[in-house]
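**Q** Below you'll find the structure I mean.
The values are calculated or read from the model by the stated rules, or taken from the named source; none is laboratory data. Keep in mind that what you see is a predicted model, and the values were worked out from it rather than measured. Note that we place each Cβ from the backbone using ideal geometry, even for glycine, and neighbour counts take in every protein chain shown. Calculation scope for accessible area: heavy atoms of the full protein, side chains included, ligands and nucleic acids excluded. Shrake-Rupley method; radii C 1.70, N 1.55, O 1.52, S 1.80 Å.
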Amino acid sequence: MKILLDECMPQRLPLGILSEYEIVHVRDLGWHSIQNGELLSRANGIYDILLTIDKNMPFQQSLNGLDICVAVLDIVEPGKEVFASYLREFETQILSLEPGSFNTIILQS
């Protein structure tokens, strides 16, 4: 599974638990500061999931005709340390995501 981290996500996350996935940040690709619609178009067919904390994206974008899934994390603080504590729960939830859909993943302690 290939996961793209949106610009609003920390660039270097402690993702050791998710080592079997290919995880890339938009900055690594030089895709920072591009609009969400363009980002989705570029990522479609290359990445399986766009991981974001942008709760407005499902209301502002359409995934019609796209195979990429957008996972919107609902967590209080998306910093590295906080995110690391939720990794196992996150991994369980992403396995059920469908292509071409927006999904809110609520991570709670």
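**Q** Do you know which residues across the stretch 27-75 are out of contact with any helix residue (DSSP H, G or I) (no Cβ under 7 Å at 6 or more places or on another chain) and among the β-branched types (V, I, T)?
**A** Listed by number, the residues that qualify are I34, I46, T52, I53.
**Q** Would you please list the contacts, defined by Cβ atoms under 8 Å and residues six or more apart or on different chains, that run from a residue in the stretch 26-39 that is free of Cβ contacts under 8 Å to residues at least 40 places away in the same chain and under 10 Å from D6 (Cα atoms) to a residue that is surrounded by 15 or more Cβ atoms within 10 Å (Cβ to Cβ) and polar (S, T, N, Q)?
**A** Close Cβ pairs (under 8 Å, with a partner that is surrounded by 15 or more Cβ atoms within 10 Å (Cβ to Cβ) and polar (S, T, N, Q)) amount to N36/Q61.
**Q** Would you be able to tell me the number of residues in the stretch 31-68 that are open to solvent by less than 50 Å² (accessible area, probe 1.4 Å) and not in a loop (DSSP other than H, G, I, E, B)? Steps first, answer last, please.
**A** Within the stretch 31-68, the subset open to solvent by less than 50 Å² (accessible area, probe 1.4 Å) is 31, 34, 36-37, 39-40, 43-44, 47, 49-54, 57-58, 63, 66, 68.
Within this subset, residues satisfying the condition of being not in a loop (DSSP other than H, G, I, E, B) are 36-37, 39-40, 43-44, 47, 49-52, 57-58.
Count: 13.
**Q** Take the residues in the stretch 69-80 that are at pLDDT below 90 and part of a strand (DSSP E or B); name whichever of them is surrounded by the most Cβ atoms within 10 Å (Cβ to Cβ).
**A** Applying the filter and picking the extreme gives L73.
**Q** Right, something else. Can you list residue pairs whose Cβ atoms sit under 6 Å apart, with the first residue in the stretch 41-54 being without any contact (Cβ under 8 Å) to a residue 12 or more places away in the chain and the second being open to solvent by 70 Å² or more (accessible area, probe 1.4 Å) and part of a helix (DSSP H, G or I)? Count only pairs 6 or more apart in sequence or on different chains.
**A** That search, which allows pairs on different chains as well, returns nothing.
**Q** Among the residues of the stretch 19-60, which ones are among the hydroxyl-bearing types (S, T, Y) and under 14 Å from the mean Cα position of the chain (by Cα)?
**A** Once the filter is applied, which keeps residues that are among the hydroxyl-bearing types (S, T, Y) and under 14 Å from the mean Cα position of the chain (by Cα), the stretch 19-60 yields Y21, Y47, T52.
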